[in-house]
Amino acid sequence: MYALVDCNSFYASCEKVFRPDLADRPVVVLSNNDGCVIAATKDAKALGLTMGVPYFQARPICRKHRVMVFSSNYTLYGDMSRRVMQTLRQFAVEMEIYSIDEAFLKLPEMTKDIAEGLGDHIVNTVKQWTGLPVCVGLGPTKTLAKAANRTAKNRGVRSLKMESPAEIDAILADMPIQDLWGISSRWTKRLNRLGVATALELKRMSPIYIRKSFNIVMERTVRELNGEPCIPLEVVPPNKKQIHVSRSFGKLVTDYVELEQAVATYAARVGEKLRRQNSFTTALLVYTATNRFREQDAQYFNSTTVPLFPATANTPDLIAAACKGLRTLYRKGYNYKKAGVLALDTTPATKELSQGNLFFDRTRRKKQVALMKALDATNARFGSGTLLYASQGFGQEDWRMQRKMQSPHYTTQWGEIPKVG
């Protein structure tokens, strides 16, 4: 059996863990710069506060119904996710962290009596240990576990197990094909033209025919619907081939120095992410953009690619390359709203270190690696931005994201730990 464990309204639920006074109040979380709703509790969604609603439109509803509004606090959400995943590992033979709030578990063999109550046991344990509500779907394949989880949420139950052929067929018969895991809107239209409207109808299709008409990925979905595990767990997540860091500014930026500080900061963040997965990058793509929604402003978007030779994850090199690219992009007279830095074609750091080339200074590279380890360790211990480069600015600039309603970092900052009594 497989289990798909999914946290309910994850960002909003994280905010409620340390605020028992919000137990009966709707809660929403806003995107960067408090732009739009990105998470909402069930009672907030019932008020129409769904994903993507701009906050200026949601504000009157929030005031009328006493909805608690939070700016995004990704440090808190990331740490709470880590705690949930650590809790789930005790139940699994193997586990795949599918997203920040979802995980697939491959369950050990167990008696039928134990298996019957396992879903509720997982829900209760995660709630007790982390304070977060979760929903569990169980099935003989990953696809069926995902379908069971979706059905459980639609029915308002904490867990649902799909095992017998009759149970599976009954649930799949009520599931529109577009609600099935891995079925895109494009595939939905093609399947509809073939007369396939439900997951059960797809299950009954010939896998060989599906492979010829679509591809092997769709064939695996059909086989999984028939109880044949074909999609393995990704126990070790693959390294990202590209790493992207971008933000909308807290205010419109016209000054080059401010724009350079933002780009340098994003390049430094790219370096952190590269080193976390032990990778180097061979090139950076840098771009800037104005606000396309401000029709009264002149519009400008441009990008450039800066090659890196040899490949690197060294922050000073990345900042220098990103700023070099920005100098070719910058044009006076525009109100810039956003910038970004994208690491292209990442490569394993171990491969680059072992191969080298005619211009490769191995001693310098080792010193760079040691320095970056010290930098990352310091920022991990004392907080992001404790050590930074002068070109990044000093943390109080107006271009940085606005998070006026952000909650404390309850679990990661000593000075913000909740006080009891």
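Taking only protein heavy atoms into account and a 1.4 Å probe, give the accessible area per residue of the stretch 113-204 in Å².
Accessible area per residue: 48 Å².
Taking Lys16 as the anchor, which aspartates and glutamates have their alpha carbon closer than 12 Å to its alpha carbon, excluding any fewer than eight residues away along the same chain?
Output for Lys16: Asp24.
Below 26 Å, Cα to Cα, which lysines can Lys367 reach? Residues fewer than 8 away in the same chain don't count.
List returned: Lys240, Lys241, Lys273, Lys324, Lys351.
How big is D, in µm² s⁻¹, for the chain by Stokes-Einstein at 20 °C and 1.002 mPa s if Rh is the Kirkwood radius over C-alpha pairs?
87 µm²/s
5 Å is the cut-off here: which amide hydrogens, built 1.01 Å from N in the peptide plane, fall below it relative to Tyr336, excluding neighbours closer than 5 in sequence?
Amide H to amide H, under 5 Å and 5 or more residues apart or across chains, Tyr336 pairs with Val253, Thr254.
Using just the helices of the chain, give the 222 nm mean residue ellipticity in deg cm²/dmol: DSSP H runs with n ≥ 4 each add -39,500 (n - 2.57), and the total is spread over all residues, rounded to 500.
-12500 deg cm²/dmol
Using the Karplus equation 6.51 cos²θ - 1.76 cosθ + 1.60 (θ = phi - 60°), what ³J(HN,Hα) coupling, rounded to whole Hz, does each residue of the stretch 361-367 give in order, writing x for Gly and Pro?
Calculated HN-Hα couplings, in order: 9, 5, 5, 4, 5, 5, 5 Hz.
Sequence-distant or interchain residues sharing an amide H contact under 5 Å with Leu308, placed H: which?
Excluding prolines and chain starts, which carry no amide H, the hits are Ala283, Leu284.
So what are the ³J(HN,Hα) numbers for the stretch 69-81, from phi and the Karplus equation (6.51, -1.76, 1.60; θ = phi - 60°), rounded to whole Hz, Gly and Pro as x?
Values per residue, Gly and Pro as x: 10, 10, 6, 5, 9, 5, 5, 5, 5, x, 6, 5, 4 Hz.
What is the count of Lys pairs in the stretch 52-206 whose alpha carbons sit under 21 Å apart, if the two are 8 or more places apart or on different chains?
Number of lysine pairs found: 19.
Give me the Kirkwood hydrodynamic radius of the stretch 37-145, using the inverse of the mean 1/r over all pairs of distinct Cα atoms, in Å to one decimal.
Roughly 16.3 Å, rounded to one decimal.
Taking amide H positions as placed 1.01 Å from N in the peptide plane, with prolines and chain starts having none, which residues 5 or more places from Asn8, or on another chain, fall under 5 Å of its amide H?
Val134, Cys135
Could you compute the net charge surrounding Asn73? Neighbours are other residues with a C-beta less than 9 Å from the C-beta of Asn73; K and R count +1, D and E count -1.
Summing Lys and Arg as +1 and Asp and Glu as -1 gives 0.
Just tell me which aspartates and glutamates come within less than 15 Å, Cα to Cα, of Lys373; anything on the same chain fewer than 8 places away is out.
Correct list for Lys373: Glu272.
With the crude spin-label approximation of a point 7 Å out along Cα→Cβ, what separation in nm comes out for Asp174 versus Gln242?
So the label points at Asp174 and Gln242 sit 4.1 nm apart.
Using a Debye calculation, one point per C-alpha and no hydration shell, please list log10 I(q)/I(0) for the stretch 231-341 at q = 0.12, 0.17 Å⁻¹ in order.
Values, matching the q order: -0.45, -0.77.
Could you look at the stretch 28-162 and say what percent of its accessible area is carbon and sulfur, using a 1.4 Å probe and all protein chains?
Using a 1.4 Å probe with all protein chains present, the stretch 28-162 comes out at 52 percent carbon and sulfur.
Sorting check: for 4-16, 186-198, which peptide has the highest mean count of neighbouring beta carbons within 10 Å, and how do the rest follow?
4-16, 186-198
Which value, to two decimals, describes the C-alpha radius of gyration of the stretch 114-202 once divided by 2.2 N^0.38 Å?
Ratio of Rg to 2.2 N^0.38 Å for the stretch 114-202: 1.21.
Using the Karplus curve 6.51 cos²θ - 1.76 cosθ + 1.60 with θ = phi - 60°, work out ³J(HN,Hα) for each residue of the stretch 340-348 in order, rounded to whole Hz, and write x for Gly and Pro.
x, 10, 10, 7, 9, 6, 5, 9, x
Compute the length gained on full extension between Phe293 and Thr125: take 0.36 nm times their separation in residues and subtract their Cα-Cα distance, giving the result in nm to one decimal.
The span from Phe293 to Thr125 would gain 55.8 nm if fully extended.
The values are calculated or read from the model by the stated rules, or taken from the named source; none is laboratory data. None of these values were measured; they are calculated from a predicted model. Cβ coordinates were reconstructed from backbone atoms using ideal geometry, including for glycine residues, and neighbour counts include every protein chain displayed. These area figures cover heavy atoms from the full protein model, side chains too; ligands, DNA and RNA do not enter into them. Shrake-Rupley method; radii C 1.70, N 1.55, O 1.52, S 1.80 Å.
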